[in-house]
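Contents: one structure, followed by commentary.
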Number of protein chains: 6
Amino acid sequence: MPVVQVSLLSGRSKEQKSAMADEITETVHKHSGAPKDVITVIFQDVGTDSWAAGGTLFEDR
Amino acid sequence: MPVVQVSLLSGRSKEQKSAMADEITETVHKHSGAPKDVITVIFQDVGTDSWAAGGTLFEDR
Amino acid sequence: MPVVQVSLLSGRSKEQKSAMADEITETVHKHSGAPKDVITVIFQDVGTDSWAAGGTLFEDR
Amino acid sequence: MPVVQVSLLSGRSKEQKSAMADEITETVHKHSGAPKDVITVIFQDVGTDSWAAGGTLFEDR
Amino acid sequence: MPVVQVSLLSGRSKEQKSAMADEITETVHKHSGAPKDVITVIFQDVGTDSWAAGGTLFEDR
Amino acid sequence: MPVVQVSLLSGRSKEQKSAMADEITETVHKHSGAPKDVITVIFQDVGTDSWAAGGTLFEDR
């Protein structure tokens with residue numbers, strides 16, 4: 001029952017998430033042997049005021 | 001200081017979360033021995049466009 | 001497809017985890033309406049050198 | 001590539017998150033040796049109806 | 001700076017993880033637009049005594 | 001009840017984690033207003049065969 005959590009900047013469309021979920025599920029299935037229907041993919045949308053790299057929020061770049 | 005994170009499809013009511021938090025805290029307390037007041041439960045609401053099983057978003061089923 | 005992640009201090013037995021998984025699944029099923037077989041519970045064991053409350057590691061208390 | 005996820009009650013301002021991201025990045029850099037620009041900090045805002053301590057949601061206290 | 005956390009049953013080889021990391025990074029890059037070198041993939045190995053589906057630990061199936 | 005999860009490459013010493021836990025708790029307390037004793041810091045050690053950046057495991061660099 002693999003679980004994949006993908007944290008991305010907010011603003012990805014449903015189509016983008018759909019394509020990622022499909023392909024990630026395929027690769028996890030192919031390499032781990034888990035059946036596709038027990039693989040879960042969850043997207044966590046993160047705002048630019050809630051994500052920092054190098055100590056600086058994206059909103060302040 | 002056990003921490004329990006519950007990822008659920010969006011749309012559960014406050015009453016549903018309240019009941020789950022109460023019962024999950026009770027069972028973790030009973031079986032782990034941790035005092036109830038140091039047990040944290042966090043709910044993560046996940047939209048139907050952000051959750052996939054078998055490679056397909058819930059919104060597309 | 002609810003996913004529940006339980007972070008606990010290392011050292012809980014298989015029996016303790018089994019009882020918690022059973023009861024947590026039951027309560028999430030009862031209050032969220034999700035079928036039991038799509039509910040996943042994952043335990044994350046955390047050592048006393050990797051868990052701090054109030055700024056102090058458990059190992060140093 | 002250290003990743004730090006900070007779960008906080010909703011309502012912290014951008015300035016508060018900015019200050020925390022800056023200082024957390026600094027301390028992780030100083031003590032782990034990782035370069036600052038590969039350190040990621042993500043904030044997860046949690047509503048008062050989605051966070052429980054001692055089995056009771058914050059909203060019900 | 002997308003972050004992908006993959007929770008899998010323990011026992012996947014380095015080669016399996018390497019292939020998954022490569023392909024997941026490729027698909028996240030392709031569909032989110034993030035440069036490949038800022039995409040992080042973390043694997044969390046979960047033992048059969050720490051993973052339950054339908055309320056039953058994998059070890060007890 | 002802020003919860004901070006820090007994912008780091010395995011191999012940090014107890015002293016390093018202790019210093020990070022102390023300083024992270026201080027900064028979260030200072031900027032969020034939460035009392036120090038309700039702030040939890042959890043370290044997740046990640047092996048070089050379980051962490052990838054740019055699609056390549058650390059072990060293969």
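The values are calculated or read from the model by the stated rules, or taken from the named source; none is laboratory data. Remember, predicted model here, so these are calculated numbers, not experimental data. Ideal geometry is used to build each Cβ from the backbone, glycine not excepted, and the neighbour counts take in all protein chains shown.
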Restricting the first residue to region A:37-50 and requiring it to be free of Cβ contacts under 8 Å to residues at least 24 places away in the same chain, which pairs with a second residue that is surrounded by fewer than 17 Cβ atoms within 10 Å (Cβ to Cβ) meet a Cβ separation below 7 Å and a spacing of at least six or different chains? A:ASP49/A:GLU59; A:ASP49/D:LYS14
Within region A:8-17, is even one residue closer than 23 Å to D:ILE42 by Cα, among the hydroxyl-bearing types (Ser, Thr, Tyr), free of Cβ contacts under 8 Å to residues at least 24 places away in the same chain and within 14 Å of chain D (Cβ to nearest Cβ)? no
Looking at region D:20-33, which of its residues are surrounded by fewer than 17 Cβ atoms within 10 Å (Cβ to Cβ) and modelled with pLDDT of 95 or more? D:GLU26, D:LYS30
For D:GLU15, are the conditions met, namely being acidic (Asp, Glu), out of contact with any Leu (no Cβ under 9 Å at 6 or more places or on another chain) and either farther than 23 Å from F:LYS17 by Cβ or crowded, with 19+ Cβ neighbours inside 10 Å (or both)? yes
State the number of residues belonging to region F:18-38 that are closer than 21 Å to D:ARG12 by Cα and more than 7 Å from chain C (Cβ to nearest Cβ). 12
Taking region E:43-55, which residues are buried (at least 16 other Cβ atoms within 10 Å of the Cβ) and touching a helix residue (DSSP H, G or I) at 6+ places or on another chain (Cβ under 7 Å)? E:PHE43, E:ASP49, E:SER50, E:TRP51, E:ALA52, E:ALA53, E:GLY54, E:GLY55
So, D:SER10, is that one under 20 Å from F:ALA19 (Cβ atoms), surrounded by fewer than 21 Cβ atoms within 10 Å (Cβ to Cβ) and of a type in the set (S, T, N, Q) or not? no
Do any strands (runs of 3 or more DSSP E) lying entirely in chain B carry at least 2 residues that are closer than 24 Å to C:GLU59 by Cβ, and which ones are they? B:3-9
Of the conditions (1) more than 14 Å from chain A (Cβ to nearest Cβ); (2) of a type in the set (A, V, I, L, M, F, W, C); (3) touching a residue at least 40 places away in the same chain (Cβ under 8 Å), B:PHE58 clears all except one; give me its number. (1)
Residues to consider are A:ALA19, A:ALA52; find the one that is closer than 16 Å to E:VAL4 by Cβ and of a type in the set (Gly, Ala, Ser). A:ALA19
